[in-house]
Structures are given as structure tokens and as C-alpha cells.
1. Out of (1) surrounded by 10 or more Cβ atoms within 10 Å (Cβ to Cβ); (2) outside any loop (DSSP other than H, G, I, E, B); (3) at pLDDT 95 or above, what's the single condition that is false for LYS22?
2. Please specify each residue of segment 1-15 satisfying the condition of being surrounded by 12 or more Cβ atoms within 10 Å (Cβ to Cβ) and either assigned to a helix (DSSP H, G or I) or at pLDDT below 95 (or both).
3. Out of all the residues in segment 46-58, which are surrounded by fewer than 17 Cβ atoms within 10 Å (Cβ to Cβ), out of contact with any Cys (no Cβ under 9 Å at 6 or more places or on another chain) and in contact (Cβ under 8 Å) with a residue 24 or more places away in the chain?
4. Quick one: would you say LYS61 is among the charged types (D, E, K, R) and either at pLDDT 95 or above or part of a helix (DSSP H, G or I) (or both)?
5. When you go through PHE43, PHE30 one by one, which is the residue that is among the aromatic types (Phe, Trp, Tyr), in contact with a helix residue (DSSP H, G or I) (Cβ under 9 Å, 6 or more places away or on another chain), without any contact (Cβ under 8 Å) to a residue 40 or more places away in the chain and assigned to a helix (DSSP H, G or I)?
Amino acid sequence: MKDLRCGGDTVYILLVYDVGEKRVQKVLKFMRKHLNWVQNSVFEGEVTEAQIIKIKNGLSKLIDKEEDSVLIYTARDKKWLSKEVVGIEKRTIDYLL
């Protein structure tokens with residue numbers, strides 16, 4: 001997982017988006033700068049509160065709030081979530097130290 005810490009407490013987030021076709025590439029490019037890509041329209045990672053605010057502000061500029069949707073699930077630590085994959089896992093991050 002990318003080390004996104006820049007001071008302060010971190011939280012683990014899972015971000016899922018559903019945006020119009022015209023905006024998908026811009027949102028994807030923006031999100032890859034901030035979190036780990038999991039699969040289509042899904043990102044995860046550890047961030048600080050300041051980074052969450054930066055992500056929300058950036059997405060607000062890219063999406064159409066009348067048509068698009070972004071869901072952000074947060075947990076104090078990744079260990080509080082369980083993950084089960086049915087089918088293939090699009091992107092694993094096990095190889096990272």
C-alpha cells in the first residue's frame with residue numbers, strides 16, 4: 001500500500017465512484033494519485049484527515065453532483081474490515097512491502 005502519511009492520525013478508506021463516461025478518465029487519473037486502485041471505480045488506502053479533505057475537494061471539482069456518485073467508507077484501521085473476493089481479484093497489493 002502506498003505510504004500516504006503526512007503527519008496526524010490515519011484512517012483506512014474504501015472509495016467507490018460511479019461517474020458519467022465523459023468524466024471517468026479524469027476521476028481515475030486523480031484517484032490514482034491519492035489511493036491504490038483495486039478494480040474499476042474502486043480505490044483503497046490509508047490517508048490522513050487532511051488528505052481526505054483534499055480528495056473530496058478534488059472530486060467535487062471533477063464530478064457532476066447532479067449525475068455522479070462517490071461513496072467513501074472509512075475505518076480506523078484496515079484490520080477492522082474483512083475482504084472476500086468472488087471471482088478474480090483485479091489488482092493485488094500483496095507484493096508491496
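1. LYS22 satisfies all of (1) surrounded by 10 or more Cβ atoms within 10 Å (Cβ to Cβ); (2) outside any loop (DSSP other than H, G, I, E, B); (3) at pLDDT 95 or above except (1).
2. Residues of segment 1-15 surrounded by 12 or more Cβ atoms within 10 Å (Cβ to Cβ): 1-2, 4-5, 10-15.
Result: MET1, LYS2, LEU4, ARG5, THR10, VAL11, TYR12, ILE13, LEU14.
3. Hits for segment 46-58 are GLU49, GLY58.
4. On the way: among the charged types (D, E, K, R): yes; either at pLDDT 95 or above or part of a helix (DSSP H, G or I) (or both): yes.
Taking the combined requirement at face value, the residue satisfies it.
5. Of PHE43, PHE30, the one residue that is among the aromatic types (Phe, Trp, Tyr), in contact with a helix residue (DSSP H, G or I) (Cβ under 9 Å, 6 or more places away or on another chain), without any contact (Cβ under 8 Å) to a residue 40 or more places away in the chain and assigned to a helix (DSSP H, G or I) is PHE30.
The values are calculated or read from the model by the stated rules, or taken from the named source; none is laboratory data. Remember, it's a predicted structure, so these values are computed and weren't measured experimentally. Glycine also receives a Cβ, built like all others from the backbone with ideal geometry; neighbour counts cover every protein chain displayed.
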